[in-house]
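The values are calculated or read from the model by the stated rules, or taken from the named source; none is laboratory data. Everything numeric here is computed off the predicted structure, so don't read it as measured data. Glycine gets a Cβ as well: all are built from the backbone with ideal geometry, and neighbour counts include every protein chain shown. Heavy atoms of the whole protein, side chains included, go into the accessibility calculation; ligands, DNA and RNA do not. Shrake-Rupley method; radii C 1.70, N 1.55, O 1.52, S 1.80 Å.
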Amino acid sequence: MSKLVGTAGVSVLGDKSLEFYRDPVAFCQQRIEKHGTRIFQSRLLNKPTSFVCSVEGMKELLCEKSSVFLKDPTDVMHNMYGDNIVTANGEEACLLRLSLTNLFTGKCLASGSDLINSVSERCLKDLSATGEPVSVYPLFKRLGTELVLGLFLNVNPDETPELFQDITALCTLHWHGIISTPVSVKVPLWSSGFCTALEAKDKLMDIIKDKLECQRQGFVGYLRDLPLPDASCASQHLLLFISALIPKALASLLTSFTLVLSGPDKKEIRNHARADPDYLYYVLLEIQRLWPPFIGGRRIANQDTTLGGFHIPKGYAAMYISHAIHRDPEVFHQPEDFLPERWGGRNAGQEHLLCSLGNGPRNCIGVQLNNVFLKAACGYLLQHYDWDLSPYSQDLQYKWLPVSRPTVPPMVSFTELELECLRPA
């Protein structure tokens, strides 16, 4: 057993949170190069933290020792979302997963396919109508919002436009609580971002509870019938499911898909993905590998343990960094290159090594739903358009927090495909 390399510094003065949040990718890469290992320590959120940047370390953290490394009960997610499958630990988390899994698989998942396809068509059908370039990130965020509100709350923007706009605005305010300093302050004419987010949460909960009382159909109806621990459990989970997390993750991945497949030099890849569903799947896996929507996740050790042969004391945090894990050269050959074919060759059957939506027994319960969303939206784009950056030269430098996307929203021009282009040769 070895001592963790790096230093956790001293309380407050040694904290590296600001440096990490400015550029988490550079933060980790500099330390990997300095220490010669993909597991090291620093101080984050004023707590000694082991950073995990290797596939083997991630598997040990999230899979083999998932009962040792627990969710942090003081995390801001708990303040914003309350008790739910994401914030729970131990037996409670296992029971919630057992109860909720059926909502995101099988018959329940299939029942949403018509809505998913219709929303994709409604949001994407007129991208070439004006001939003007489109700012794709907000477009895809709107698509994601329509999907989650339609699927989880039966709210349609055409049928109840005011309710849709109200919920969307409240979800945005609520999201700001995750990226705000967790201090609730309210004085005349001014409230802290965190305080405003908590107020938005209360209003969303009122809407959700009304839906649970009145709705008998769809996802809300399925959720009502589940054996959940208490009366508030269903509403807490609906808050999680309709929040800005899913639309932003979907917008992140769809933006990366659009950018990496843009331009005449990617025409062959687009054509291959149009014609071959397996290849489209490889493309989507490679996008999640290179541009994961979330930088990673954090756990707390509930006992003395090890990671990668390094000693981890009880109370230490462990932060897995998906961007670095997905570029582990021990697993991914040419880790910086976009190579969809790797998933049909060298990395065939290794989808489980990705952690863009978590991994192990505590991974995101909506992974299958996310895949259905992506296939529907990307499939529609491929079947109806070619596209290119407009202007061609744009700053595509990514920011990674709170969700990965280009710092400057990219502009893309879409050209509708002729029917002849879609027919097999």
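From the list Glu146, Glu162, Glu132, Glu121, the lone residue that is more than 29 Å from Lys203 (Cα to Cα), in a helix (DSSP H, G or I) and either at pLDDT 95 or above or not hydrophobic (A, V, I, L, M, F, W, C) (or both) is Glu121.
Of all the residues in the range 360-390, those that are touching a residue at least 40 places away in the same chain (Cβ under 8 Å), open to solvent by 20 Å² or more (accessible area, probe 1.4 Å) and in a loop (DSSP other than H, G, I, E, B) number 3.
Filtered by the rule that a residue be open to solvent by 10 Å² or more (accessible area, probe 1.4 Å) and in contact with a Lys or Arg (Cβ under 9 Å, 6 or more places away or on another chain), the range 158-179 gives Asp158, Asp166, Thr168, Leu170, Leu173, Trp175. Selection of the range 4-29 for residues being open to solvent by 50 Å² or more (accessible area, probe 1.4 Å) and in contact with a helix residue (DSSP H, G or I) (Cβ under 8 Å, 6 or more places away or on another chain) yields Lys16, Glu19, Gln29.
Looking at Ala231, Ala318, Ala244, Ala249 in this structure, which one is in contact with a Cys (Cβ under 6 Å, 6 or more places away or on another chain) and closer than 29 Å to Leu98 by Cβ?
Ala244
Beta carbons closer than 7 Å, at least 6 apart along the sequence or on distinct chains, pair a first residue in the range 250-279 that is assigned to a helix (DSSP H, G or I) and open to solvent by less than 50 Å² (accessible area, probe 1.4 Å) with a second that is at pLDDT 95 or above and charged (D, E, K, R) for Ala251/Lys141; Ser252/Arg405; Thr255/Arg405; Arg270/Asp386.
For the range 118-133, state whether one or more residues are surrounded by fewer than 18 Cβ atoms within 10 Å (Cβ to Cβ), in contact (Cβ under 8 Å) with a residue 12 or more places away in the chain and touching a helix residue (DSSP H, G or I) at 6+ places or on another chain (Cβ under 6 Å). No, because not a single residue in the range 118-133 is surrounded by fewer than 18 Cβ atoms within 10 Å (Cβ to Cβ), in contact (Cβ under 8 Å) with a residue 12 or more places away in the chain and touching a helix residue (DSSP H, G or I) at 6+ places or on another chain (Cβ under 6 Å).
Kindly indicate the residue of the range 408-425 that is in a loop (DSSP other than H, G, I, E, B) and open to solvent by 80 Å² or more (accessible area, probe 1.4 Å) and also modelled with the highest pLDDT among those meeting that condition.
Applying the filter and picking the extreme gives Glu418.
Restricting attention to the range 212-247, the residues that are in contact (Cβ under 8 Å) with a residue 12 or more places away in the chain and open to solvent by less than 30 Å² (accessible area, probe 1.4 Å) add up to 16. In summary, Pro24 fulfils each of the numbered conditions (1) modelled with pLDDT under 95; (2) of a type outside the set (A, V, I, L, M, F, W, C); (3) under 27 Å from Arg289 (Cβ atoms); (4) touching a His at 6+ places or on another chain (Cβ under 9 Å) with the single exception of condition (1). Kindly indicate the residue of the range 299-329 that is open to solvent by less than 10 Å² (accessible area, probe 1.4 Å), in contact with a Pro (Cβ under 8 Å, 6 or more places away or on another chain) and not acidic (Asp, Glu) and also farthest from Asp15 (Cα to Cα) among those meeting that condition. Once the filter is applied, the top-ranked residue is His326. Which residue pairs have Cβ atoms closer than 6 Å, lie 6 or more positions apart in sequence or on different chains, and pair a first residue in the range 300-318 that is under 14 Å from Ser67 (Cα atoms) with a second residue that is among the acidic types (Asp, Glu) and not in a strand (DSSP E or B)? Close Cβ pairs (under 6 Å, with a partner that is among the acidic types (Asp, Glu) and not in a strand (DSSP E or B)) amount to Ile300/Asp72; Leu307/Glu60; Lys314/Asp304. Considering only the range 288-298, I want to know if a residue exists there that is within 26 Å of Lys65 (Cα to Cα), in a loop (DSSP other than H, G, I, E, B), open to solvent by 40 Å² or more (accessible area, probe 1.4 Å) and out of contact with any Ser or Thr (no Cβ under 8 Å at 6 or more places or on another chain). Looking through the range 288-298, none of the residues is within 26 Å of Lys65 (Cα to Cα), in a loop (DSSP other than H, G, I, E, B), open to solvent by 40 Å² or more (accessible area, probe 1.4 Å) and out of contact with any Ser or Thr (no Cβ under 8 Å at 6 or more places or on another chain).
Matching residues to (1) of a type in the set (Phe, Trp, Tyr); (2) open to solvent by 60 Å² or more (accessible area, probe 1.4 Å); (3) assigned to a loop (DSSP other than H, G, I, E, B); (4) touching a strand residue (DSSP E or B) at 6+ places or on another chain (Cβ under 7 Å):
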residue	(1), (2), (3), (4)
Arg31	no, no, no, yes
Phe51	yes, no, no, yes
Glu56	no, yes, no, no
Leu62	no, no, no, yes
Pro73	no, yes, yes, no
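Yes or no: Val136 touching a strand residue (DSSP E or B) at 6+ places or on another chain (Cβ under 6 Å), surrounded by 17 or more Cβ atoms within 10 Å (Cβ to Cβ) and under 17 Å from Leu250 (Cα atoms)? Outline the logic, then answer.
Details: touching a strand residue (DSSP E or B) at 6+ places or on another chain (Cβ under 6 Å): yes; surrounded by 17 or more Cβ atoms within 10 Å (Cβ to Cβ): yes; under 17 Å from Leu250 (Cα atoms): yes.
Criteria met by Val136.
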